[in-house]
Amino acid sequence: MRFSIQTASLRQLVFLSFFLALIPVAVLLWQSNKSLSGVSSYAITSAEYAVSSVRQSESMQSLVVDIERAVRQYVVVRTDALKRLALNHIDNQLNLLAQVCAAQAQLILCNEQKTALATLKLSFDGEMTATPEILLQQIRTQQQQITQQIWDLLELQLQNQQQQVSATQQQLAWQTFGLVLLTLLLVLWASKRITAPVQQLDRMIRAIAQPKHHFPDEKLQGPRELNELGEQLRWLSSRLQQLEALRLILLRHASHELKTPLSSIREGCALLSEQLVGPLTAQQQEVVTLLNGSADRLSVLTEQLLDYNRLLQQAQPEWSVQVPQQLMQACFNDHALSLQQRQQQVKLDCQLNAFYTDATLFRRILDNLINNAQAYGAEGSPVWVKLYRQDDSVILDVANNGTPIPMSLREKLFEPFQRGTTPRFDQVMGSGLGLSIVADCARLLGGHADIVDVVYADVCIRVRLPLLGEKLG
């Protein structure tokens with residue numbers, strides 16, 4: 001059974017689940033029908049018995065009256081017809097009494113009335129000179145008591161019937177509870193058979209999405225279609241790992257190999273610009289200037305590729321206590337010339353004296369954000385840099401005035417090699433890696449980066465990092 005369930009298709013497993021869940025429901029319906037049939041049969045039998053007992057009781061009451069009338073008439077008018085009539089009434093009463101006493105063994109006056117009727121019957125064999133008032137009174141009283149006992153027994157039977165109905169209802173309630181619980185357990189078991197492999201697939205997909213993923217070694221156990229999908233994901237993971245390794249190798253070698261000829265080109269352009277190899281015409285000087293600018297742009301792009309490659313190879317941050325003022329001031333000094341050229345001034349608001357972080361990763365975040373603000377910010381407008389604590393997070397905001405970023409592009413800009421529609425103002429062709437490096441560094445530090453709206457600037461990039469070492473904040 002275990003092998004057949006594991007190798008069954010998803011449709012077969014769903015059908016099997018519904019079938020197993022319907023079994024307790026079918027048992028409950030059968031048991032309810034059986035109990036209701038039993039109660040109905042018992043109620044019909046009790047009703048028939050009650051009607052029969054009431055009829056017999058009324059007949060016996062009438063016969064007692066007939067017996068008393070016939071005896072009194074016989075004492076007055078001694079005829080054989082009245083004698084036979086009285087004896088016939090007594091025999092009918094004895095027959096009914098026998099039937100009632102046989103059906104209801106609880107009656108305790110049956111023998112006494114039988115004896116009284118027999119005594120009355122024997123009195124017809126002798127000379128009946130007077131009416132046997134005492135005997136007739138005894139028979140009348142006994143019949144009234146028997147009738148009352150019959151009604152008491154019928155009432156007791158009705159109470160027993162009500163108790164039986166209540167017991168049946170309670171039994172059905174417990175059976176319903178048990179079968180519903182069993183149905184729930186079967187549904188949970190069946191759903192687990194389906195959701196467990198789906199959760200495994202979710203873990204596999206999440207592992208594939210991680211930059212340095214470790215694909216689960218466990219084999220998927222579930223329906224046939226999901227097992228095949230798991231194997232395809234395993235193959236896809238292996239293929240992606242191979243492609244990732246090739247991409248890293250190509251990126252590392254390409255960026256490294258570009259530096260040597262690029263350095264030679266820049267040195268050659270410098271020699272030509274300084275006219276150390278001979279005087280240049282105005283047109284030749286213009287060409288050298290263009291070559292020098294292209295070499296500078298290529299150098300920036302190569303450095304960004306190398307920086308991105310180093311970031312991909314860094315597995316874990318190196319945590320240490322850092323003074324944010326020093327890190328930021330060092331970054332601002334490195335970007336002072338480019339900021340000065342565009343008449344941009346950094347307005348710093350640092351509300352932390354010290355915090356735990358990786359100095360290299362934090363510096364990469366700040367470098368790329370400052371470079372982004374310098375390249376896309378409006379000329380003569382300040383660059384706001386704020387570092388503060390918010391709840392259990394450290395917030396870094398870098399904002400500038402300029403063209404606002406549309407909502408549709410905000411998430412996309414944090415992907416590698418994605419550039420916005422706003423042109424740069426620094427004459428450098430961007431690679432689309434700046435914000436991607438910011439997002440990756442933030443993830444390595446346990447945080448994330450977003451583009452948010454603030455009232456004091458047109459564009460604000462916010463990096464939220466976890467607060468470690470609260471006593472230093």
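Key figures for this structure:
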item	result
Residue in the range 344-352 that is part of a strand (DSSP E or B), without any contact (Cβ under 8 Å) to a residue 60 or more places away in the chain and crowded, with 18+ Cβ neighbours inside 10 Å present	yes
Condition check for GLN285: surrounded by 19 or more Cβ atoms within 10 Å (Cβ to Cβ) and modelled with pLDDT under 80	no
Only one of ASP66, ASP80 that is surrounded by fewer than 13 Cβ atoms within 10 Å (Cβ to Cβ) and either more than 60 Å from the chain's Cα centre (by Cα) or modelled with pLDDT under 80 (or both)	ASP80
Lone qualifier among LEU82, LEU87 - being touching a Phe, Trp or Tyr at 6+ places or on another chain (Cβ under 9 Å), without any contact (Cβ under 8 Å) to a residue 24 or more places away in the chain, in a helix (DSSP H, G or I) and not hydroxyl-bearing (Ser, Thr, Tyr)	LEU82
Pairs where the first residue, in the range 152-163, is assigned by TED's automatic domain parsing to the domain that holds TYR49 and the second is aliphatic (A, V, I, L, M), C-beta under 7 Å, 6+ apart	LEU154/ALA50; GLN161/ALA43
Positions within the range 295-339 being within 22 Å of GLU379 (Cα to Cα) and modelled with pLDDT of 85 or more, in sequence order	MET328, GLN329, CYS331, PHE332, ASN333
Boolean, ALA173 is part of a helix (DSSP H, G or I), outside the structural domain of ALA442 (by TED's automatic domain parsing) and modelled with pLDDT under 75	no
Selection within the range 358-416 - in a helix (DSSP H, G or I), surrounded by 18 or more Cβ atoms within 10 Å (Cβ to Cβ) and touching a strand residue (DSSP E or B) at 6+ places or on another chain (Cβ under 8 Å)	PHE362, ILE365, LEU366, LEU369, ILE370, ASN372, ALA373, GLN374, TYR376, LEU413, PHE414
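Listed here are the residues, each with its yes/no results for (1) closer than 30 Å to GLN159 by Cβ; (2) among the charged types (D, E, K, R).
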{"site": "GLY38", "(1), (2)": "yes, no"}
{"site": "ALA47", "(1), (2)": "yes, no"}
{"site": "SER53", "(1), (2)": "yes, no"}
{"site": "VAL65", "(1), (2)": "no, no"}
{"site": "GLN73", "(1), (2)": "no, no"}
{"site": "ARG78", "(1), (2)": "no, yes"}
{"site": "ALA81", "(1), (2)": "no, no"}
{"site": "LEU87", "(1), (2)": "no, no"}
{"site": "ILE90", "(1), (2)": "no, no"}
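The values are calculated or read from the model by the stated rules, or taken from the named source; none is laboratory data. Every value quoted in this text rests on a predicted model; they were computed, and no experiment measured them. Neighbour counts run over all protein chains shown; Cβ positions are idealised from the backbone, glycine included.
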